[in-house]
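The structure appears right after this line, and notes come after that.
The values are calculated or read from the model by the stated rules, or taken from the named source; none is laboratory data. None of the values given here were measured: they were computed from a predicted structure. Using ideal geometry, Cβ is built from the backbone for each residue, glycine included, and neighbour counts are taken over all protein chains shown.
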Amino acid sequence: MNMAEILFFGGGVIGWIIWALSVVTIGIIVQYFVLIRRANILPEEIRAKIEALFEQQQYREALELTGLDPSFLSYTVHAALREASRGYGAMERAVDEASEERTARLLRQVEWLNLIGNVSPMLGLLGTVWGMIGAFFKIVQKGGTPEPAALASDIGVALVTTLLGLGVAIPALAVYGLMRNRIDSLSSEAVVAVQELLSGFRGGHRKPSREPTPRAEPDAAEDQGPS
């Protein structure tokens, strides 16, 4: 058997479970790299449209635009506009609440990678213990002097499952940390952009002529996936 065959078949049932978990991990990583990016959190095109509508005092149109767009930026601006009639302070509170809600939702999603990164080494350890138990029982069955070949398969299970568990955990935890940092960075940048867009409402310089009609909150970008 070559090394690839050993890694693929040498871990037994537990090894197959870890391989299946590795496929799930790759799918999650690809999904998050597509989902958690600037185009879905802070789209420049939408930001420019909102700014243009504010400059023209078309607040109703801005409310409708942000209500249809699923990005982090639009979700937060939409929440603020719905509170515009209550003053700038209420708009700021709405921004804080909406941004915290969306950030928490994104962070909860990437927690799956943290879970996989912690479970995978435990599965590897389970395989290690299982393999060593099998090896010790063979020693007992052979009266304490077994042939090395008789122990090789069980020791192989122990080592292969340990390697596979670490092979899944290391990239899962690495990407988890990367995604958390990306979420923190982009969400903070989006909040700053929202505050800049709404700065004209401070001191009553801008105020919609009538209270916007509340609309249903848009689905989260992470629920819909990339557009």
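Tabulated data
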read-out	value
Hits in the range 81-109 - residues which are farther than 20 Å from GLU189 by Cα and basic (Lys, Arg)	ARG82, ARG86
Test: ARG102 is more than 30 Å from PRO121 (Cα to Cα), in a helix (DSSP H, G or I), at pLDDT 90 or above and touching a Ser or Thr at 6+ places or on another chain (Cβ under 8 Å)	yes
Close pairs (9 angstrom Cβ cut-off, 6 or more residues apart or separate chains): over 26 Å from LEU178 (Cα atoms) in the range 105-132, at pLDDT 95 or above and hydroxyl-bearing (Ser, Thr, Tyr) anywhere	none
Candidate set from the range 97-110 (those that are in contact with a helix residue (DSSP H, G or I) (Cβ under 8 Å, 6 or more places away or on another chain) and either surrounded by fewer than 21 Cβ atoms within 10 Å (Cβ to Cβ) or of a type outside the set (A, V, I, L, M, F, W, C) (or both)); member that is farthest from SER199 (Cα to Cα)	GLN109
Pairs where the first residue, in the range 4-26, is more than 14 Å from LEU159 (Cβ to Cβ) and the second is of a type in the set (Val, Ile, Thr), C-beta under 8 Å, 6+ apart	LEU21/ILE116; LEU21/VAL119; LEU21/VAL168; SER22/VAL168; VAL24/ILE116; THR25/ILE116; THR25/VAL168
Sole exception among (1) over 23 Å from the mean Cα position of the chain (by Cα); (2) surrounded by 15 or more Cβ atoms within 10 Å (Cβ to Cβ); (3) in a loop (DSSP other than H, G, I, E, B) for GLN57, by number	(2)
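Table: residues versus (1) surrounded by 14 or more Cβ atoms within 10 Å (Cβ to Cβ); (2) closer than 30 Å to SER22 by Cα; (3) modelled with pLDDT of 70 or more.
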site	(1), (2), (3)
GLU147	no, no, yes
VAL157	yes, yes, yes
VAL160	yes, yes, yes
MET179	yes, yes, yes
GLN195	yes, no, yes
SER199	no, no, yes
ARG215	yes, no, no
